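Q: Please read through the structure below; I'll follow up with questions.
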Amino acid sequence: MLPSPAARRIAVAVKGYPRLSETFIAQEILALEERGIPLEIWSLRHPTERAVHPMNRKIKARVTYLPEYLYEEPIRVLRGALWSMRQKGFGRLMQTFWRDLKRDFTANRVRRLGQAFVMARELPAEIGHLHVHYLHTPASVVRYAALLTGRSWTFSAHAKDIWTTPDWEKREKLAEARWGVTCTAHGAENLRSLSPTPDHVSLVYHGLDLSRFPAPPEARPPRDGSDPADPVRMVSVGRAVSKKGFDDLIQALAALPPDLHWRFAHVGGGDLLNSLKAKAQQNGIADRVAFLGPKAQPDVVALLQQADLFALPSKKAASGDRDGLPNVIMEAASQKLAILATDFAGIPEFIRDGTEGQLVPPGDWEALSNALNLLAREPERRKAMGDAAYERLRHDFSMEGGIDDLEHRFRALVENGSKDPVPA
């Protein structure tokens, strides 16, 4: 059964739900839900982490999990395929799929088709529009389901999905999506160059909902690394993957001069966690480095409040993957914490070098080590940067502006459906 012209409800497709590393998605869903936008969540993967952010617990939207691997739910996939074969959009879908498969001959491509069969069959009639986070594999599922059912779809692009998806695929998805948004000017420029029209993709920063965060500390101890009993506390948060540059950070920490007393804590999981631990051990700094694993947001914020310096040396991974504007940088700013990062991807859109923080070239561990050494010894400079980052966050990167934009777009779909003009 095809949806009515007005969407009535919107299905939001995500790669996995909930995920500790995707606070920006949970923040957006919760804010839209609180503004009365009727949403459902469709996830390609089941959760893999035990900890859950408090805001995920506040989200009321129903969650449907698609078969993560088709062989795990063969009856469900078969029912979806048989149902799909009887739909008017099946022929067009298969033409698109075969064209995609010739250029991307992978099991992953077939899995997305099977997930689309299931999604298309199980979407309630009141779901009239599909919105997807990430333009790579999640958008393939949504695109195929939209072709099959005649529903419209839109997207939010972020980081890896922009930089690791081939141009031919982005161009075709952009042509079929009703509109798209992305969270950095760097990403928007790339997508606009492949779009039917320049205004087809809009820049919408995630921002941060400061109402969910405690007030920053009134003051921090003026640690300068001279007291072995009270070392400078450095912290970083992020998955242990190549694009985060944590290998450079471990190398930089190991090169700090012996008269500087410091401790470093890392929060996050990731495939490279064991190799980072081994690198710290090999460099003789394992006794000063703590790998805390994944943590829920309240625990992360508590750590940021107690720290003196936040570091995130993002860089381009060999696969082409890179960060957008990591939300954790804004979370550090919410606690007036001095920030040291790289002049890369979307980071300079928030951090202006020497004002809200310090930026060093990506992949340059020596420059990173030098900056760590100087900032660790200068508590007054750290305070000035932390104060400036907090003010920039409050004035230019609060959540409200981005949510206002998305609310307008989604409300138009819910109330008027395809009759409403596409927002600029």
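Just so it is clear, none of the values below were taken in a lab; they were calculated from the coordinates. Computed from a predicted model, the values in this text were never measured in an experiment. Neighbour counts are summed over all protein chains in view; Cβ atoms, including those assigned to glycine, are modelled from backbone coordinates with ideal geometry.
Q: For W262, W83, what's the fewest-to-most ordering of other Cβ within 10 Å of each Cβ? Show your work: numbers first, answer last.
A: Working: W262 20, W83 16.
Lowest to highest Cβ neighbour count: W83, W262.
Q: Further question on the same structure: Per 0.36 nm of contour for each residue apart, how much would the distance between W168 and F105 grow if the chain were fully extended, relative to their Cα-Cα spacing?
A: Computed gain between W168 and F105 is 21.2 nm.
Q: In debye, nearest 20: dipole of segment 212-396 around its Cα centre with unit charges on the Cβ of K, R (+) and D, E (-)?
A: Roughly 380 debye for segment 212-396.
Q: Follow-up question, since we're still on this one. Can you tell me the mean projection area, over all orientations, of the convex hull of the chain's alpha carbons? Units nm², please.
A: Convex hull of Cα atoms, orientation-averaged projection: 20.0 nm².
Q: What angle do you read, to the nearest 10 degrees and between 0 and 90, between the alpha-carbon axis of helix 167-176 and the longest principal axis of the chain?
A: Roughly 50 degrees, rounded to the nearest 10.
Q: If you don't mind, there's one more thing I want to ask. Running a GNM on the chain with Cα contacts under 10 Å, which residue among G238, G150, G187 ends up with the highest mean-square fluctuation?
A: Per the Cα network of the chain with a 10 Å cutoff, G150 tops the list.
Q: Would you mind calculating the relative contact order of segment 5-109 from Cα pairs under 8 angstrom and at least 6 residues apart, reporting the percent as a whole number?
A: That works out to 24 percent.
Q: What percent does the relative contact order of the chain come to when contacts are Cα pairs within less than 8 Å and at least six residues apart? Provide the component values of the computation, followed by the final result.
A: Numbers: 841 pairs, mean separation 72.3, N = 424.
About 17 percent, as a whole number.
Q: Within straight cross-link reach of K160, meaning Cα distance under 22 Å, which lysines are found once same-chain residues fewer than 8 apart are removed?
A: Correct list for K160: K15, K170, K173, K243, K244, K315, K316.
Q: I've got another one for you. Convex hull over the Cα atoms of segment 158-305, averaged projected area in nm²?
A: Working: hull surface 47.9 nm².
Value for segment 158-305: 12.0 nm².
Q: Using the beta-carbon distance between E72 and S226 and R0 = 51 Å, what value does 1/(1 + (r/R0)^6) give for FRET efficiency, to the nearest 0.05? List each step's numbers first, then the result.
A: Numbers: r = 57 Å, r/R0 = 1.12.
Efficiency at R0 = 51 Å is approximately 0.35.
Q: With only Lys, Arg, Asp and Glu charged, each at its Cβ (+1 for the first two, -1 for the last two), find how big the charge dipole of segment 77-162 is about the Cα centre; round to the nearest 20 debye.
A: The dipole of segment 77-162 has a size of about 300 debye.
Q: Still on this structure: Please report, largest first and rounded to whole Å, the three semi-axes of the ellipsoid equivalent to segment 212-396, where each semi-axis is the square root of five times an eigenvalue of the C-alpha gyration tensor.
A: Values: eigenvalues 94, 79, 51 Å².
Result for segment 212-396: semi-axes of 22, 20, 16 Å.
Q: If neighbour count is taken as other Cβ atoms inside 10 Å, put H133, H395 in order from fewest to most.
A: Numbers: H133 22, H395 8.
With the fewest neighbours first, H133, H395 line up as H395, H133.
Q: Cα axis of helix 365-376 to longest principal axis of the chain: angle in degrees, 0 to 90, nearest 10?
A: Between helix and principal axis, roughly 60 degrees.
Q: Exposure proxy check: S156, S242, S140 ranked by fewest other beta carbons within 10 Å?
A: S242, S156, S140
Q: On average, how much area does the Cα convex hull of segment 275-378 cover when viewed from any direction, in nm²?
A: 7.4 nm²
Q: In addition: Set the Förster radius R0 to 41 Å, insert the Cβ-Cβ distance between E415 and E391 as r into 1/(1 + (r/R0)^6), and round the FRET efficiency to 0.05.
A: 0.65
Q: Of L66, V360, V181, which is farthest on the positive side of the dipole of the chain, counting Cα position, with +1 on Lys and Arg Cβ, -1 on Asp and Glu Cβ, and the Cα centre as origin?
A: Of L66, V360, V181, it is L66.
Q: Count the net charge of all other residues whose Cβ sits under 15 Å from the Cβ of P67, scoring Lys and Arg as +1 and Asp and Glu as -1. Display every interim value, and only then the final one.
A: On the way: positive: K15, R45, R76, R79, R111, R112, R121; negative: E68, E72, E73, E122.
Spelling it out: positives minus negatives among the neighbours equals +3.
Q: So what does the Cα-only Debye profile of segment 113-170 read at q = 0.25 Å⁻¹, as log10 I(q)/I(0), no solvent term?
A: -0.99
Q: Sorted by packing (mean other beta-carbon atoms within 10 Å per residue), highest first, where do 110-118, 268-276, 383-391 land? The partial results should precede the final answer.
A: Working: 110-118: 24.1, 268-276: 16.4, 383-391: 19.7.
For the peptides 110-118, 268-276, 383-391, the packing ranking is 110-118, 383-391, 268-276.
Q: Another one. Using 1/(1 + (r/R0)^6) with R0 = 25 angstrom and r between the beta carbons of R62 and W98, what's the FRET efficiency to the nearest 0.05? The partial results should precede the final answer.
A: Values: r = 33 Å, r/R0 = 1.33.
Once the sixth-power term is evaluated, E becomes 0.15.
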